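Please read the structure below before turning to the comments.
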Amino acid sequence: MAIVLQLYCFQLNQIKDIIILLCYTLCYLSILICASLIYISYFVSQQNLILIQNKTFTQNYGTLYERININSQAGMNYSFINLIRKTLYIIALVVFYQYPIFQTATCSFISSINVGLIIYENPFQSKSSLIQIGIPDFCIFFLMILFTILAIDDKVLYFSDYQRFLIGWVVIGVILISISVQFYFILIQVLLHLKKRILYVWDKLIQLFKG
């Protein structure tokens, strides 16, 4: 977002400043890196199952389809489309900042792409991954719908102050749901890792005393 914002606010008279010029150069290099990642993600999504399961290929590109159901083309496309969606989302947030209704409506549409893909077919290997990623994505989509409604209401003034107050609490509730889901799965992963380390140390201690 910082890159898009800086480029969007670019002014020609700023080129004379060496530091600002360096920042813009780094921005363009970052865009080049992002474009390369999108291309690599597309390249990976189009490969056949045999190559994807290859050990060398997995070592090089495995992070792009981690937890993804590689037996499904919809699953493989999910990673690439999700990367495009995130890029468009950030651009829409910055470019349409001065047009709240258009900004929120565009972001709502972009968010719906992710939800639509998940509803069409579960792209993940397990239901736990679907819950961990799907619920926060749906929460973002739902929030953008609410923000679009509020942006429209700023023009038509349909809702009362009390109704807007209630919508604010709904927004807080949805955010808490999203955070709680992610916190739960992070906590589970930490506890499992901790259990694994404790068992490892325990086995080492047993071997030490036996020796």
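The values are calculated or read from the model by the stated rules, or taken from the named source; none is laboratory data. Worth saying up front: this structure is predicted, and the values here are computed from it rather than measured. Virtual Cβ from ideal backbone geometry, glycine too; neighbours counted across all protein chains shown. In case anyone asks, the SASA skips ligands and DNA or RNA and just uses the protein heavy atoms, side chains included. Shrake-Rupley method; radii C 1.70, N 1.55, O 1.52, S 1.80 Å.
At a Förster radius of 30 Å, what calculated FRET efficiency corresponds to the Cβ-Cβ distance of L187 and T63, to the nearest 0.05? E between L187 and T63, to the nearest 0.05, is 0.85. Remark: relative contact order (the chain) = 16 percent; criterion is Cα-Cα distance under 8 angstrom and separation of 6 or more residues.
Surface analysis of the chain yields an accessible area of 70 Å² per residue, using protein heavy atoms and a 1.4 Å probe. With 0.36 nm allotted per residue and the present C-alpha distance subtracted, the Y39-Y120 stretch has 26.8 nm of extension available. Rolling a 1.4 Å probe over the protein heavy atoms of region 99-211, with every protein chain left in place, gives an accessible area that is 73 percent carbon and sulfur.
Based on the Stokes-Einstein relation at 37 °C and a viscosity of 0.692 mPa s, and on the Kirkwood radius from alpha carbon pairs, region 51-112 is assigned a translational diffusion coefficient of 244 µm²/s. Figure legend: label point modelled 7 angstrom from the Cα of L130 along Cα→Cβ; residues of region 100-114 with amide N under 20 Å from it are 112-114.
On a 0 to 90° scale, report how tilted helix 161-210 is relative to the longest principal axis of the chain, with both axes built from alpha carbons and the result rounded to the nearest 10. So the inclination is approximately 20 degrees.
Dipole magnitude for the chain: about 820 debye, using +1 per Lys or Arg Cβ and -1 per Asp or Glu Cβ, origin at the Cα centre.
Against the criterion of solvent-accessible heavy-atom surface with a 1.4 angstrom probe, R164, R197 sort, most first, into R197, R164. Projecting label points 7 angstrom from Cα along Cα→Cβ for V170 and I91 puts them 3.1 nm apart. Report, to the nearest 10°, how far helix 73-95 tilts away from the longest principal axis of the Cα atoms in the chain, using its own Cα long axis and a range of 0 to 90°. Approximately 40 degrees, to the nearest 10. Positive-end ranking of L191, L146, I101 along the dipole of region 77-211, with charges on Cβ about the Cα centre, is headed by L191.
Given the alternatives (1) 66, 40, 31; (2) 77, 51, 38; (3) 48, 38, 37, Cα extents along the principal axes in Å as computed for this entry is given by (2). Residues within the reach of a label modelled at Y99 (point 7 angstrom out along Cα to beta-carbon, backbone nitrogen below 20 Å), restricted to region 135-149, are 144-149.
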